[in-house]
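As structure tokens, the structure follows; a few thoughts come after it.
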Amino acid sequence: MTSPTTVPLHPVITAVTERIRLRSATHRAAYLEKCQSMRRKGPLRGQLSCSNLAHGFASCSSADKDRIRLEEAANIAIVSAYNDMLSAHKPLEHYPDLIRNAVAELGCTAQFAGATPAMCDGVTQGAEGMELSLFSRDTIAMSTAIALTHNMFDAVLCLGVCDKIVPGLLIGALSFGHLPLIMIPAGPMSTGLSNDEKARIRQLYAEGKVGREELLDAEASAYHGEGTCTFYGTANSNQMLMEAMGLHIPGTAFVPPHGALREELTRAAARQVCKITALTPSYTPLCDVVDERSLVNAIVTLLATGGSTNHSIHWIAIARAAGIIIDWQDFAELSEATPLLCRIYPNGKADVNHFHAAGGTGFVIAELISAGLLHADVNTVWGKGLHHYSRAPSLAGGSLHWQDSPSLSADNTVLRPATDPFDPHGGMKLLTGKLGRSIIKVSAVKPEHRYVKAPAVVFDTQDALKDAFDAGELEHDFVAVVRFQGPKANGMPELHKLTPYLGILQERGFKVALVTDGRMSGASGKIPAAIHLYPEAMAGGAIAKIQTGDMLVLDAENEELEILISEDELALRPAAKYMAPAASDNYGRDLFAGLRANVATAEEGAGTFLI
């Protein structure tokens, strides 16, 4: 394989990166100055009063108290999203003890600095709780900042896996960008019921052909143990992107929970973060790892693997937390230059365990570097250069070793080289037109379904679409317009609940598509869906003016979303009004009213605080 340091960058990668750098110059300079200012103060616990410091180590052992007060060895913050309800986060339960023991080997200390919320979209899909899901990201960011604001720490280990959790942890840690950070995942659960069979049972249930017991049996066979759900949704996309940004121990993402290799990788993360604090010659603060190059690397890797559409929101928010401004045009141009190397469900039949066995993260990163599609000369937590992440870990004699990933995929139906991709482009596109700006993921959409011209059928809730399906009212070509699902209206829930109904109609031969100001899912699949549309209905966007029967055109190949009426007629139409849920039906949503009022647009990262 060609040395990654000698491969010239693809001209689109160079151009987009430079555009981002120039666009962000003022914001980035201000962010780096903030980090430099904190860096210049040295270990901040040295600035604490004696009373403050005593409070900070009061519960520690005598030996740890001595280490912390001397300030000669690192004190590591542990911020965790552990809870024992969620399969992905249950394995994190015993990580703090592993970490404390590992850092003690180096004469350092670690303290559990704080816990963050960790909600599961798999539990809340189609229910009221999904209206808190997007905002949980910023709640997690603030929780992380609260944990670090005690100024007791020289570095951070963040423990988390799933959808909003990893972005939230990273956004919060970037507020303390002078500190080194390593992210620690937990790994995927073992393979259960196949994704195709799971989808088949869901559709049968939607048609009333099987009952709830059969459906629950299928779901329980798919989601059956500890670890991350095995499809390539937002959670597993998170892990892929942490590898591409150099924020993991190399090759950590998809190692299963609880085994000896997983435990040793966790210990390695703890030891490594001690070696890159400001107390060492290898100081590597987070602000030096997360820059415009590493963010472009993340986006390219997302596109090359057919990852979650949610990251067209989350990675914009992460970038802004680092003083960097990216937008959907950047995603779209990078997508055109990036080949699709993976077929992982919902973009194929395989799950992440199959992907890992076929070559996994190391193969993907090596291929993208060799194709000139990644910046190889970036800073990482493992040292200079992204080539570290083209290698795979193993245990030999109880010790960790890394070797180059195989140069050939073990399964070309799952993973292919950049010279023979599944598709020449990454499959995420920006759609524009009179209705506004939205994105569409087409990597799982067959070419014959990428153009839909059909009348609109307008819904203000997911349940209204289900009711229309049950009543047999959707047996024709149509574009489902599901509005008042934006962040200002109801927190921008995922609409994955709609997939079985729309999928059934597509399989019956009808031309169907979805247009929404909400999100779809990390599992966005075979239905053409223009999502994240803004201006959203709640903000008076044109989606609020669409009427049932209006002819819409969704043309993914030509990147258009249009309503076939004139701009003058559209401007004269009144906008529909949002009907808020009854006060008795809040389920905690009332507590998030301030966030809904202040939220930015999807293309600005749907952030709820100013960055």
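Sequence-distant contacts, meaning Cα pairs under 8 Å at least 6 residues apart, place the relative contact order of the chain at 15 percent.
On the basis of the beta-carbon distance and an R0 of 41 Å, A115 and D377 show a calculated FRET efficiency of 0.65. What the phi angles of the stretch 222-235 give under the Karplus curve with 6.51, -1.76 and 1.60, with θ = phi - 60°, is a coupling list of 7, 10, 10, x, 6, x, 6, 3, 8, 6, 8, x, 5, 4 Hz, glycine and proline written as x. Rounded to the nearest 10 degrees, the angle from helix 311-321 to the longest Cα principal axis of the chain is 40 degrees. Here the stretch 134-156 is scanned for amide nitrogen atoms under 20 Å from the site 7 Å beyond the Cα of D590 along Cα-to-Cβ, giving 135-136.
From the alpha carbon centroid of the stretch 191-260 to that of the stretch 548-565 is 34 Å. Only one residue of Y232, A454, V300 has its Cα farthest out toward the positive end of the dipole of the chain, where Lys and Arg carry +1 and Asp and Glu -1 on Cβ, and that residue is V300.
In this label model, M579 and K434 are separated by 2.7 nm, measuring between points 7 Å along each Cα→Cβ vector. Projecting each Cα onto the charge dipole of the stretch 30-119 (Lys/Arg +1, Asp/Glu -1 at the beta carbon, about the Cα centre), which of P96, N83, G46 comes out farthest on the positive side? Looking along the dipole axis, the top candidate is G46.
The simple Förster model, with R0 at 25 Å and r as the Cβ-Cβ distance, assigns A597 and A29 a FRET efficiency of 0.25. The stretch between V123 and L215 holds 31.6 nm of extra length on full extension. This uses 0.36 nm per residue minus the Cα-Cα distance.
Taking the average, over residues, of other Cβ atoms within 10 Å as the packing measure, peptides 419-430, 464-475, 496-507 rank 496-507, 419-430, 464-475 from highest down. Of all DSSP beta bridges confined to the stretch 468-600, the antiparallel ones make up roughly 35%. Computed on the chain, the Cα convex hull volume stands at 153 Å³ per residue.
The angle separating the long axis of helix 328-337 from the principal Cα axis of greatest extent in the chain is about 90 degrees. Report note on the peptides 148-154, 300-306: ranked by the mean count of other C-beta atoms within 10 Å, highest first, their order is 300-306, 148-154.
For K65, list the lysines whose Cα falls under 22 Å from its own Cα; do not include residues on the same chain fewer than 8 positions away. Counting by Cα, and skipping residues close in sequence, K65 has these lysines nearby: K41, K275. Its Cα gyration tensor gives the stretch 503-555 an equivalent ellipsoid, and the semi-axes of that ellipsoid, as √(5λ) in whole Å with the largest first, are 22, 15, 8. Treating the Cα atoms of the stretch 1-75 as identical point scatterers in vacuum, please give the log10 of the normalised Debye intensity I(q)/I(0) at q = 0.14, 0.20, 0.22 Å⁻¹, two decimals. With one equal scatterer per Cα and no solvent, log10 I(q)/I(0) is -0.70, -0.90, -1.00. With each label modelled as a point 7 angstrom along the Cα→C-beta vector, the Q47-S62 pair spans 3.3 nm. Counted by neighbouring Cβ atoms within 10 Å, the residues Y205, Y587 run from fewest to most as Y587, Y205.
Taking label points 7 Å from Cα along the Cα-to-Cβ direction, S407 and L570 give a separation of 5.3 nm.
Using Cβ point charges alone (K and R +1, D and E -1), the dipole size of the chain about the Cα centre works out to roughly 1420 debye. Count Lys and Arg as plus one, Asp and Glu as minus one, and take only other residues whose Cβ is under 13 Å from that of M85; the net charge is then -2. For K429, the lysines whose Cα falls under 17 Å of its own Cα, not counting residues fewer than eight places away in the same chain, are K441, K446, K526.
Could you work out the local net charge near V414, counting Lys and Arg as +1, Asp and Glu as -1, over the other residues with Cβ closer than 9 Å to its Cβ?
+2
Using the Cα centre of the stretch 428-579 as origin and beta-carbon charges of +1 (Lys, Arg) and -1 (Asp, Glu), tell me which of L564, A537, F469 is placed farthest towards the positive end of the dipole. Of the listed residues, the answer is A537.
In the chain, the longest principal axis of the Cα atoms and the axis of helix 133-148 are about 10 degrees apart. What is the calculated FRET efficiency for R39 to F609, with r their C-beta to C-beta distance and R₀ = 30 Å, to the nearest 0.05? That pair, R39 with F609, gives E of 0.80. Computed over the stretch 428-579, relative contact order equals 32 percent, with contacts defined as Cα pairs under 8 Å that lie 6+ residues apart. Using a/c under 1.5 as the rounded threshold, could you call the stretch 221-301 rounded, prolate or oblate? The axes a ≥ b ≥ c are square roots of the C-alpha gyration tensor eigenvalues, and prolate needs a/b larger than b/c, oblate otherwise. Verdict is oblate for the stretch 221-301. The distance from the alpha carbon centre of the stretch 503-532 to that of the stretch 147-182 is 35 Å, rounded to a whole number. Helical content of the chain, expressed as a calculated mean residue ellipticity at 222 nm, amounts to -11000 deg cm²/dmol (DSSP H runs of 4 or more residues, -39,500 (n - 2.57) each, divided by residue number, nearest 500). Electrostatic tally near L193: other residues with Cβ closer than 14 Å to its Cβ, Lys and Arg +1, Asp and Glu -1, net -2.
None of the figures in this text is laboratory data; all of them are computed from the coordinates on show. It should be emphasised that the depicted structure is a prediction, and the values quoted were computed from it without experimental measurement. Neighbour counts are summed over all protein chains in view; Cβ atoms, including those assigned to glycine, are modelled from backbone coordinates with ideal geometry.
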